[in-house]
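Worksheet: one structure, shown below.
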Amino acid sequence: MPKRIFTFRRGAADRTADAAEALGLKGANLALLASLDLPVPPGFTIATSAWREAGAKGEGLPPTLRGDIRDGIEWLEGVTGRRFDGDERPLLLAVRTSARAQMPGVAETVLDLGLNDRTVDVLAAELSDAAFAYRSYRRFIESYAGLVLGADPSDFEEIADREQEEKGWETEPGDVAGWRALIGRFHAFVEEELGSVVPQTPLEQFMDVVEASFRSWRNPVAMAHRHLHGIPESAGLAVTAHAMIFNERNAKSGTGRAFSRDLRSGISRVTGEFGLGTGAGAAIGVMPRRLDLADLANGRAGEFPADLAELTAHVRRLEAHVGDAVEVDFMVGDGELFLMQSRVARRSAGEAVRIAVELVGEGMIGEEEAILRIDPASLDELLHPTIERGPDLVVLGRGMPASPGAASGEIVFSAERAQAVSAEGRAVILVRSETTPEDIHGMHVAEGVLTIRGGTTSHAAVVARGIGKPCVTGVGSLRLNTETQTLHAGARVLKAGDRITIDGSSGEVIDGAVKLMRPALTGDFATLMEFADRARRMGVRTNAETPHEARSARAFGAEGIGLCRTEHMFFEGERIRAMREMILAPDEAGRREALAKLLPYQRSDFVELFEIMAGLPVMIRLLDPPLHEFLPKGESEIAETAAMLEIGAELVAQRVAALSEFNPMLGHRGCRLAISYPEIVEVQARAIFEAAIEAGDATGKAVVPEIMVPLVGLRKELDFVKARIDHVHRLVTAERGRSVDYLVGTMIELPRAVVRADTIAEVADFFSFGTNDLTQMVFGISRDDAANFLSTYMRQGIVERDPFTTVDVDGVGELIAIAVEKARRTKPDISLGVCGEQGGDPASIAFFEQTGLDYVSCSPFRVPIARLAAAQSAIRANRALKGRSRRQDS
Ligand code: PEP
Ligand code: MG
């Protein structure tokens, strides 16, 4: 049987591999502190393996575990010299739950477990303080009833208020009879209203608390958190119990938090705070005196009730052990110092980067270690635009800064409207009272989210941070009238379509679309990126089609364009007209005529992209989406198009109907369009070659365009399209009297393309995995409809992560690996990349590194994240390789 109970005391702790996994963060941490001979209260942790044995069945604690727990308590009684239910010096416990990662929603700490109607008086005598003992007992009853019996804390408050009104007992803290009467009321309430009792036997209290703590894993908040952070349901909880610190409330007592560094500057010096008299006493009413640790160190150490030098030494020792800035929660009980918990110091993304770079400068860690220290996703905080502040900024309201960055857009009041307006290419800010899971699709398309209610952990905040959108929550001064669809800021009334700006870093809501500034990517950030670029193997390109995107991506360090979706270039103004004319033309001649109008637009777009990328690779994808996406929708648009083209509205309507498909994503799209209408490819290829010559002349750097054919499943599809491209190349070469080097390749988006990758590679210069479509096609799940049920799948643990965000390694990933192997067998030096959304996702990037892809391509804002994630993946892969070869050698 696996070991279930792991004990710890200063100088000794039961060891286990992968401590956080087995003992939870708190249990693992106390074991670490104990093993470093730091002063911790003695205790033990019930491991996650016990949760697995017990929790899965939901039938209470198995007898074997109960037996182990009894042994653990006996051990603790021996170590502390205190006994559960003792006649003197009763053993009291603090009980905490934790998992391998932070887990909001699970059971909170239960303090003073072991108090009952008798031991409360023993404690009162021991401390010569009845009020303190009874307050502790009251708090224990409330925690027990809340956790085990599901009681509402406000019920107990009401009882106490009534009691106080009737008797005024709390004004006399020494009034033991008054306290007993209150506790009696609590017992009566538990019996009558909750149909239960608070056990008087400490062991029984403990078993109940452990069982309820295990159950709390299924709390909806915890489940939602796991779902959002991709933590598997099987991870499980550990329960840690340790002896209470006694006499924690007298003049020589208190609690504090110390940091090993000044987080703002990164400089090494102990900082933090200590609250004198903030033990359990403070929680129940004693006003603390707050002392600044850095001030105390400057000649006022005497004011600290324990040995400040000892605390400093402990904190330094921990920093040296962890090799990173740490924060330490400590307690002083009657002059004696205890460390309660330590962690790598929490910090903002900016502070994290500064500290990592500083530690490298001090020689404390190497570049690789610094790279591994930073969560790539956290860089998001540093990459978002900020507001350019001027005197005429009109602040409509202030709320919580819930997700960083600033954004402007038109107000929309529903997720549906957000989708509709953004589909027309306009930026929107989704404004809701608060958001629910049904709003997620609207949040995805919005530039930012504003909720009138909520805080920094409300649904909107958590989701917005997850998807990297600015968000402001809880703007109490704004009023949302859902009936009139208006937003009221004092006398100012805003309606849908009015523009606002939100600043998710300051919490401000500002009238109008304010100018935004790009983030500064210099200093420590740039240094960290240099470390990353030295360490990574894979290239990082960007998905971009507008000059603005291409420029931002370059500033973020993109090494080229991995996907230019040309269809996006056909929507603006005149272009959509010519596009519609082309689609609606009755024959090839009509199509060619319309395409000739599009040629100059395409060419100038490409010239601009090539110039911005100045010699870096640019991969241009031929037209991909089903044609009806470009067609007029609704009667008025049809009438407008008919007038423009000087044909009957009926004819337009007929053509639109003829082009409609039952399953457009499986229909007439991708290279199928090129095969039906080769003239489209010819014009696109011409635009690319002519632009390459022009931009090459302008920048002096030869452009080698990479032309990508979408949705190929058959080698002959690629043969057909490539022949057209080659033909146009010959024409342009003859016309211009000069030749452009170019590559032709394909996306791998269909299972058939994977299976035939070896033969397709015979004609392709490169492959780029289109993991959006590949995921859709492999799962048979429509990428546009998946949100409706994938969240249920994740809640039920059927899938752990959204496969459209993080590549499904076992299915889609396996296919990618097969295609890579087959492609390289045919053409060892074929260039292989990925351009689906997963290309910017750190977990997916780790997989692409293992699979040996040459580069990833992602949206501009994810480029630095991808650079860092690629570096981390390369470092980890190298270390794993070295580990393997060492094992083989020995
Ligand atoms: C893909 O399918 O992964 C891809 C990049 O193409 P799109 O998203 O344009 O279909
Ligand atoms: Mg695709």
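Looking at the stretch 304-336, which of its residues are under 16 Å from LEU32 (Cβ atoms) and part of a strand (DSSP E or B)? Passing the criteria: VAL326, GLU327, VAL328, ASP329, PHE330. Across the stretch 782-810, what is the number of residues that are farther than 26 Å from VAL221 by Cα, of a type outside the set (D, E, K, R) and within 15 Å of ligand 1 (Cβ to nearest atom)? Counting residues in the stretch 782-810 that are farther than 26 Å from VAL221 by Cα, of a type outside the set (D, E, K, R) and within 15 Å of ligand 1 (Cβ to nearest atom) gives 1.
Quick check, is LEU339 in a strand (DSSP E or B) and touching a helix residue (DSSP H, G or I) at 6+ places or on another chain (Cβ under 7 Å)? It is true that LEU339 is in a strand (DSSP E or B) and touching a helix residue (DSSP H, G or I) at 6+ places or on another chain (Cβ under 7 Å).
Of all the listed residues (PHE140, PHE186), the sole one being in the same structural domain as GLU77 (by TED's automatic domain parsing), out of contact with any strand residue (DSSP E or B) (no Cβ under 7 Å at 6 or more places or on another chain) and aromatic (Phe, Trp, Tyr) is PHE186.
When the stretch 768-788 is examined, which residues are found to be part of a loop (DSSP other than H, G, I, E, B), at negative phi and either more than 10 Å from ligand 2 (Cβ to nearest atom) or among the aromatic types (Phe, Trp, Tyr) (or both)? Walk me through how you get there before you give the answer.
So the first thing to find is which residues in the stretch 768-788 are part of a loop (DSSP other than H, G, I, E, B), and the list is 770, 780-786.
Filter once more, so that each one left must be at negative phi: 770, 781-786.
If the condition is that a residue be part of a loop (DSSP other than H, G, I, E, B), at negative phi and either more than 10 Å from ligand 2 (Cβ to nearest atom) or among the aromatic types (Phe, Trp, Tyr) (or both), then ILE781, SER782, ASP784, ASP785, ALA786 are the ones that fit.
Within the stretch 687-716, the set of residues being within 16 Å of ligand 1 (Cβ to nearest atom) and touching a strand residue (DSSP E or B) at 6+ places or on another chain (Cβ under 8 Å) comprises GLU706, ILE707, MET708, VAL709, PRO710, LEU711, VAL712.
Select from the stretch 757-781 the residues that are in contact (Cβ under 8 Å) with a residue 24 or more places away in the chain and among the small types (Gly, Ala, Ser) and write down the one among them that is nearest to ligand 1 (Cβ to nearest atom). Among those residues, the one meeting the criterion is GLY770. Of all positions in the stretch 654-664, at least one carries a residue that is outside the structural domain of VAL732 (by TED's automatic domain parsing), of a type in the set (Phe, Trp, Tyr) and surrounded by fewer than 16 Cβ atoms within 10 Å (Cβ to Cβ). Here is a list of conditions, (1) assigned to a loop (DSSP other than H, G, I, E, B); (2) away from ligand 1 (no atom under 16 Å from the Cβ); (3) of a type outside the set (A, V, I, L, M), and GLU814 meets all of them except one; can you say which number that is? Status for GLU814: all satisfied but (1).
What residue, of GLY562, GLY497, is more than 27 Å from ARG354 (Cα to Cα), at pLDDT 95 or above and within 16 Å of ligand 2 (Cβ to nearest atom)?
Values: GLY497 fails: within 16 Å of ligand 2 (Cβ to nearest atom).
Within the list GLY562, GLY497, the selection yields GLY562.
Can you say whether ILE845 is away from ligand 1 (no atom under 16 Å from the Cβ) and not charged (D, E, K, R), as far as the supplied structure shows? No; evaluated as a whole, the condition is false for this residue.
If a residue counts only when it is at pLDDT below 90, which strands (runs of 3 or more DSSP E) contained entirely in the stretch 384-470 have at least 3 such residues? Walk me through how you get there before you give the answer.
Working: elements: 395-398, 400-403, 406-412, 428-432, 448-451.
Answer list for the stretch 384-470: 400-403.
Here is a check on your reading of the model: is GLY700 modelled with pLDDT of 90 or more and surrounded by 14 or more Cβ atoms within 10 Å (Cβ to Cβ)? Outline the logic, then answer.
Details: modelled with pLDDT of 90 or more: yes; surrounded by 14 or more Cβ atoms within 10 Å (Cβ to Cβ): no.
Spelling it out, it is not the case that GLY700 is modelled with pLDDT of 90 or more and surrounded by 14 or more Cβ atoms within 10 Å (Cβ to Cβ).
Quick one: how many residues across the stretch 499-513 are acidic (Asp, Glu) and either surrounded by fewer than 16 Cβ atoms within 10 Å (Cβ to Cβ) or within 12 Å of VAL475 (Cβ to Cβ) (or both)?
The first filter runs over the stretch 499-513 and keeps only residues acidic (Asp, Glu), leaving 503, 508, 511.
Imposing the further condition that a residue be either surrounded by fewer than 16 Cβ atoms within 10 Å (Cβ to Cβ) or within 12 Å of VAL475 (Cβ to Cβ) (or both) reduces the set to 503, 508.
Of the residues in that region, 2 qualify.
Output yes when any residue across the stretch 534-557 is in contact with a His (Cβ under 8 Å, 6 or more places away or on another chain) and not assigned by TED's automatic domain parsing to the domain that holds VAL475, and no when none is.
We begin by selecting, within the stretch 534-557, every residue in contact with a His (Cβ under 8 Å, 6 or more places away or on another chain); these are 545-546.
Filter once more, so that each one left must be not assigned by TED's automatic domain parsing to the domain that holds VAL475: 545-546.
Within the stretch 534-557 (the criterion being in contact with a His (Cβ under 8 Å, 6 or more places away or on another chain) and not assigned by TED's automatic domain parsing to the domain that holds VAL475), the answer is yes, since at least one residue qualifies.
Kindly indicate whether any position in the stretch 608-619 is aromatic (Phe, Trp, Tyr), closer than 23 Å to GLU424 by Cα and not in a loop (DSSP other than H, G, I, E, B). There is no residue in the stretch 608-619 that is aromatic (Phe, Trp, Tyr), closer than 23 Å to GLU424 by Cα and not in a loop (DSSP other than H, G, I, E, B).
The values are calculated or read from the model by the stated rules, or taken from the named source; none is laboratory data. These figures come from a predicted structure and were not determined experimentally. Positions of Cβ are generated from backbone atoms using ideal geometry, with glycine treated the same way; all protein chains shown enter the neighbour counts.
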